[in-house]
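Scroll down for the structure; my scribbles are underneath it.
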Amino acid sequence: MDEAFPSEPSPWNDEVAAQFEVLVGEMWAGTPVIPDMSTGATDGLWVRNVGIPVYGASALFEQPGDNRAHGLDERIGVDEFHDAVEFWYRMLRSVAG
């Protein structure tokens, strides 16, 4: 393994955050958007260290207590998968346009 080089957090981007909130409201009305810090590993530190902001978010929903990430029975619901694909399609089009 390579030595990790800590990076500064990416600055908050009001434009991206606002678009995220709009799309969440369109697809899942009434669902709050709550910023948090991911504790998992990411390649984002390498990108941030060359000056490119990195943001992560999830558009997957699961039942409380039913987190199967990285387990022998890792899975998500079919409908939840398709909703997440649609969300990210819309999000990427909105910020790339």
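Observations on the structure shown:
- Pair Ile52, Leu92: separation of 7 Å Cα→Cβ label points (nm): 1.4
- Global geometry of region 1-57, whether rounded, prolate or oblate, following the gyration tensor of its Cα atoms and the 1.5 cut on a/c: prolate
- In region 27-97, a dipole from Cβ-located charges (positive for Lys and Arg, negative for Asp and Glu) runs towards its positive end, and of Trp28, Leu72, Leu92 it is Leu92 whose Cα lies farthest in that direction.
- Rounded if a/c under 1.5, otherwise prolate or oblate - the chain, Cα gyration tensor axes: oblate
- About the centre of its Cα atoms, the chain shows a dipole size close to 180 debye [charges on the beta carbon of Lys, Arg (+1) and Asp, Glu (-1) only; nearest 20 debye].
Bear in mind that the values in this text are calculations on the coordinates, not laboratory data. Everything numeric in this text was worked out from a predicted model, so none of it was measured. A quick note on method: Cβ atoms are made from the backbone with ideal geometry, for glycine too, and the neighbour counts reach across all protein chains shown.
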